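Report on one structure; see the data block that follows.
The values are calculated or read from the model by the stated rules, or taken from the named source; none is laboratory data. Bear in mind the structure is a predicted one, so any value in this text is a computation, not a measurement. Quick reminder, even Gly has a Cβ in these numbers, built from the backbone with ideal geometry, and neighbours come from all protein chains shown. Ligands, DNA and RNA are stripped out before the accessible areas are found, and what is left, the full protein with its side chains, is counted by its heavy atoms. Shrake-Rupley method; radii C 1.70, N 1.55, O 1.52, S 1.80 Å.
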Amino acid sequence: MISEENNQEGKKHKKHADLKRPSFGNFGRNEWAIVGGPCTTIKFLADQLINALSPGYKCAYIDTTHNDDVTLMPAKLANGAFLEYNDQVNYTQLNYKEPFNSFKLRETFAAADLVLANGNHNPAKAQVVIIYENKRASLQKRIEQLNNVQMILLADNAAEIFDFVKEAVPHWNELPVYRLDETDKIIDFFRKQLWQAKPKLNGLVLAGGKSERMGFDKGLVNWHGKEQRYYMADLLSAFCEEVFISCRPDQQKQIESSYLSLPDTFLDLGSYGAILSAFREKPDEAWLVVACDLPLLTEKSLEYLVNKRNLATIATAYQSSFNDFPEPLITIWEPKSYPLLLSFLAQGYSCPRKVLINSDITLLQASDPEELTNVNTPEELEKVKLVLQQI
């Protein structure tokens, strides 16, 4: 028999780490199942939405082949392969033999800003319901899926919303209701939803490096009347909801209590670990990451970066004036970059610049490239001192 003491001890024990999970549904963060109409109607509506929204957002579509559609397995899969890749020039094609579970689906659609699904076959965390008279029975079979209805569309043959939908959706009279052919209003609904879902932007000042080339902590240098790590945090505060000073765990007690600090939880990975640690803390928010050793950086360059932020790409970065590569340490990293960063790490890479070079990003030209100058050595420090004296 288990004693009460042992039982209480067992309750306190946690088998898994207490991680903050991204707000994914079955496929992505922003997903809607369009349910209730014929599949051809759903596909046509999805085409209209994707055509209108894809210039600003990465859109994806989910559907299922009907049972009465005869589909032959590609030859390589039929012969035993589990995966086949085809470069079709205008697009790439992957054929899998094994079904996707929810984890694989979320991994596959992680980069999508908008996921639309044929809800007659694929449920999602939010729904758009089509009231279509000839599909009344079909919709009623799926009534349990209507747990987060956000819009109702009336087909030409629909006089009013079905009673069973009203019962399943108590707040139905507060929802937007449009005719199915009111395309502009439907598109505008989704555009507003995506804008409202824009990830919050936080700031991260990288101050956890060991400054081995400099010989002393670069974050402590007083360029502008205060320690550089605090100066950079104050600079970011005009553009970010919250600003954190990234540091090593042993440095955290040294950070003034008036500033938020975020110790590394991905250790011995330098700036890469700091970025991952930030996403581990807040996986649904974007991070404006800035190194503390940029003494010439001004609000002007930060403002331009924030104004040009592109949610459809994984990051918005400046192009280096020295080697034309992206500058990873003055970059806005979107939440969709988190799984990508982990993927590169799993392949043995811990260079944030390599992630940017090999990913879909927005690359900007700095109006004043000198502002991106970083200081790593005593010699560079003396040169920048002279520049600051002339400003």
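A few remarks follow.
- Residue satisfying all of: in the stretch 359-370; without any contact (Cβ under 8 Å) to a residue 60 or more places away in the chain and of a type outside the set (Val, Ile, Thr); most open to solvent (accessible area, probe 1.4 Å) among these: 365
- Residues that are of a type in the set (D, E, K, R) and in contact (Cβ under 8 Å) with a residue 60 or more places away in the chain were ranked within the stretch 106-142; the one that is surrounded by the fewest Cβ atoms within 10 Å (Cβ to Cβ) is 107.
- Scope the stretch 49-96; condition closer than 30 Å to residue 308 by Cβ and open to solvent by 50 Å² or more (accessible area, probe 1.4 Å); matching residues: 51, 54, 55, 58, 61, 90, 91, 92
- Residues located in the stretch 220-237, provided they are charged (D, E, K, R) and either modelled with pLDDT of 90 or more or part of a strand (DSSP E or B) (or both): 227, 229, 234
- Among the residues of the stretch 99-119, just one is over 18 Å from residue 194 (Cβ atoms) and touching a strand residue (DSSP E or B) at 6+ places or on another chain (Cβ under 6 Å), namely 119.
- Enumeration of residues in the stretch 145-161 that are more than 19 Å from residue 45 (Cβ to Cβ) and at pLDDT 95 or above: 147
- Qualifying residue in the stretch 238-257 (condition: surrounded by fewer than 15 Cβ atoms within 10 Å (Cβ to Cβ) and at pLDDT 95 or above): yes
- Restricted to the stretch 2-49, and to residues there that are at pLDDT 90 or above and polar (S, T, N, Q), the residue that is nearest to residue 131 (Cα to Cα) is 41.
- Selection from the stretch 95-152 of residues that are of a type in the set (Ser, Thr, Tyr) and either on the phi > 0 side of the Ramachandran plot or in a loop (DSSP other than H, G, I, E, B) (or both): 132
- Of residues in the stretch 14-48 being of a type in the set (Phe, Trp, Tyr) and over 15 Å from residue 151 (Cα atoms), the one most open to solvent (accessible area, probe 1.4 Å): 44
- The residues listed here are 341, 345; of these, the one that is farther than 27 Å from residue 295 by Cα, open to solvent by 30 Å² or more (accessible area, probe 1.4 Å), of a type in the set (A, V, I, L, M, F, W, C) and modelled with pLDDT of 95 or more is 345.
- The residues of the stretch 149-167 that are open to solvent by less than 40 Å² (accessible area, probe 1.4 Å) and in contact with a strand residue (DSSP E or B) (Cβ under 9 Å, 6 or more places away or on another chain), listed by number, are 149, 151, 152, 153, 154, 155, 158, 161, 162, 165.
- Residue identified as more than 23 Å from residue 241 (Cβ to Cβ), in contact with a Ser or Thr (Cβ under 8 Å, 6 or more places away or on another chain) and open to solvent by less than 40 Å² (accessible area, probe 1.4 Å) among 262, 294, 356, 269: 356
Residue-by-condition table, conditions (1) among the acidic types (Asp, Glu); (2) free of Cβ contacts under 8 Å to residues at least 24 places away in the same chain:
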{"position": "34", "(1), (2)": "no, no"}
{"position": "41", "(1), (2)": "no, no"}
{"position": "61", "(1), (2)": "no, no"}
{"position": "65", "(1), (2)": "no, yes"}
{"position": "84", "(1), (2)": "yes, yes"}
{"position": "97", "(1), (2)": "no, no"}
{"position": "104", "(1), (2)": "no, yes"}
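- Residue check for residue 173: open to solvent by less than 60 Å² (accessible area, probe 1.4 Å) and either at pLDDT below 95 or in a strand (DSSP E or B) (or both): no
Quick grid of which residues meet (1) within 27 Å of residue 39 (Cβ to Cβ); (2) of a type outside the set (Val, Ile, Thr):
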residue	(1), (2)
64	yes, no
75	no, yes
85	no, yes
92	yes, no
97	yes, yes
